[in-house]
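My structure is below; once you've seen it, I'll send some questions.
Just so it is clear, none of the values below were taken in a lab; they were calculated from the coordinates. Just so it is clear, the model here is predicted, and its values are computed rather than measured. Don't worry about glycine lacking a Cβ; one is built from the backbone with ideal geometry, like all the others, and counts go over all protein chains shown.
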Amino acid sequence: MKLPATLLLASVAILLSANKLTASDFDYYLTGNAADTKPAQTEGALLLMGGGGLVEDAFRWFIKKAGGGDIVVLKATDREESVADTFGAYLHDTIGGCDSVEVIAFHNRQAASDPKVLQALQNADGIFLGGGKQHVYMNYWKGTPVGDALNAHVRAGKPLGGSSAGLAVLGQIVYTAHLTSRFTSELAMKNPFDKALTLEPDFLHLDLMRGVITDTHFNPRGRLGRLMTFMSRITSDFKVDNLLGIGVDEKAALCVEANGEAHVFATVPEVHAWFVLPQQAPEVLESGKPLTYRNVRVISASPDSSVNVLKRTITHPVSDTLRSIVEGKLLP
């Protein structure tokens with residue numbers, strides 16, 4: 001990768017630190033080798049992590065897909081203070097196997113056009129989007145050179161991943177949470193046209209995520225009802241074929257190969273990845289009225305399951321049921 005050598009040396013002299021650079025538009029941290037390395041091979045893949053805890057085996061898989069090369073972690077904040085590096089030592093030293101880890105924390109949309117940032121993304125062998133606020137990510141990155149760089153990275157056959165907010169923005173349709181981060185299933189089902197239900201398409205253009213909307217912190221925060229509500233709106237607002245909702249629990253990750261085959265990694269037995277597949281159109285979908293949406297297929301998968309996100313198949317699931325929302329209530 002990286003930032004020019006002269007700039008790195010200047011930052012060492014000024015900050016008395018070998019790994020941190022603070023600019024007005026972004027914070028930059030480097031752990032590992034400052035030189036750009038080219039691994040023998042990378043593989044296209046997606047790492048979908050639910051948040052609420054990092055999944056070591058999933059990161060080992062991700063680093064292997066990146067060929068052990070340079071990993072770039074992107075974060076964003078709507079606050080003025082610096083964002084601490086919580087990934088550099090963890091990925092480079094604790095997990096290991098990668099040449100370097102660069103963390104770039106954006107403070108505004110201008111940073112998405114900074115040449116140093118774009119050079120880092122161009123040289124990255126794997127890119128991971130950290131947690132935070134997905135509406136900030138959308139505001140700072142959608143329609144910018146960073147968005148273009150992420151799409152180019154995937155087209156080049158390199159792995160991309162995200163956790164929490166970083167996972168939320170990976171689908172073809174994104175719940176942006178522009179108005180509130182506390183939009184519950186109960187609120188969504190009560191009025192599927194609530195002004196807080198903000199959906200946007202076309203941030204990223206990923207073949208593996210075509211027709212997909214994601215949700216995070218899934219089972220612990222009871223988000224099945226709201227994901228089903230998001231999908232009811234997508235059926236009416238967007239022309240999306242073969243719609244699929246993917247929810248990932250905290251402390252779990254879904255690792256997707258380039259051919260669509262996927263594996264669940266989990267740090268504790270009770271966490272899963274969830275797949276939501278509509279079977280029919282919503283029965284009642286009107287502004288100000290509770291949602292009625294019947295017979296939606298909901299499948300949970302564990303590390304013992306086999307998944308293909310392109311074929312929409314899950315074998316050896318933990319559960320496979322039909323769920324219905326009737327008059328704004330999710331039936332058991």
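Which three semi-axes in whole Å describe the equivalent ellipsoid of the stretch 171-293, each the square root of 5 times a Cα gyration tensor eigenvalue, listed largest first?
Details: eigenvalues 112, 60, 34 Å².
Working through the eigenvalues yields semi-axes of 24, 17, 13 Å.
Neighbour counts of other C-beta atoms within 10 Å: give me Lys65, Lys133 arranged from fewest to most.
Fewest to most other Cβ atoms nearby, the residues stand as Lys133, Lys65.
Which residue fluctuates the most in the chain, going by a Gaussian network model with Cα springs under 10 Å, if the choices are Val103, Val169, Val268?
In this elastic network of the chain, the residue with the biggest mean-square fluctuation among Val103, Val169, Val268 is Val268.
So what is the relative contact order of the stretch 93-164, in percent, for Cα pairs below 8 Å that sit 6 or more residues apart? Intermediate values should be presented prior to the final figure.
On the way: 54 pairs, mean separation 27.3, N = 72.
It comes to 38 percent, rounded to a whole number.
Oh, and also: Using only Cα atoms and rounding to the nearest 10 degrees, what angle (0 to 90) does helix 145-155 make with the longest principal axis of the chain?
Helix 145-155 sits at roughly 80 degrees to that axis.
From the phi of every residue in the stretch 114-122, what ³J(HN,Hα) in whole Hz does the Karplus formula 6.51 cos²θ - 1.76 cosθ + 1.60 yield, where θ is phi - 60° and glycine or proline is x?
5, x, 5, 5, 5, 5, 4, 5, 5
Is it possible to state the helix-based mean residue ellipticity at 222 nm for the chain, with each DSSP H run of 4+ residues giving -39500 (n - 2.57), the sum divided by total residues, to the nearest 500 deg cm²/dmol? What is it?
Details: 8 runs with 73 residues, N = 332.
Theoretical 222 nm ellipticity from helices: -6000 deg cm²/dmol.
Once you have the Cα-Cα distance between Asp237 and Glu327, take 0.36 nm times their residue separation minus that, and quote the gain in nm to one decimal.
On the way: separation 90, 0.36 × 90 = 32.40 nm, distance 2.06 nm.
Separation in residues times 0.36 nm, less the Cα-Cα distance, equals 30.3 nm.
Evaluate the relative contact order of the chain (contact order divided by residue number), counting alpha-carbon pairs under 8 angstrom at least 6 apart; express in whole percent.
Reported as a whole number, the value is 16 percent.
Still on this structure: If each residue of separation counts as 0.36 nm, what is the full-extension length gain between Gln119 and Lys64 once their alpha-carbon separation is subtracted? It would help to have the intermediate numbers written out before the result.
Numbers: separation 55, 0.36 × 55 = 19.80 nm, distance 2.22 nm.
Contour length minus the Cα-Cα distance gives 17.6 nm.
Now a separate question. Given springs between every Cα pair under 10 Å in a Gaussian network model of the chain, which of Leu243, Leu121, Leu322 has the largest fluctuation?
Judging by the Gaussian network model, the answer is Leu322.
Exposed loop sites here are GluC sites (Glu not before Pro) in DSSP loop states with at most 15 other C-beta atoms within 10 Å. What is the longest stretch of the chain lacking them? Working shown, then result.
Values: sites that count: Glu43, Glu80, Glu81, Glu270, Glu283, Glu286, Glu327.
Excluding the exposed sites themselves, the longest stretch runs over 82-269.
So how far apart, in nm, are the two label points at His205 and Lys311 if each is 7 Å from Cα heading toward Cβ?
Using points 7 Å along Cα→Cβ, the separation is 2.8 nm.
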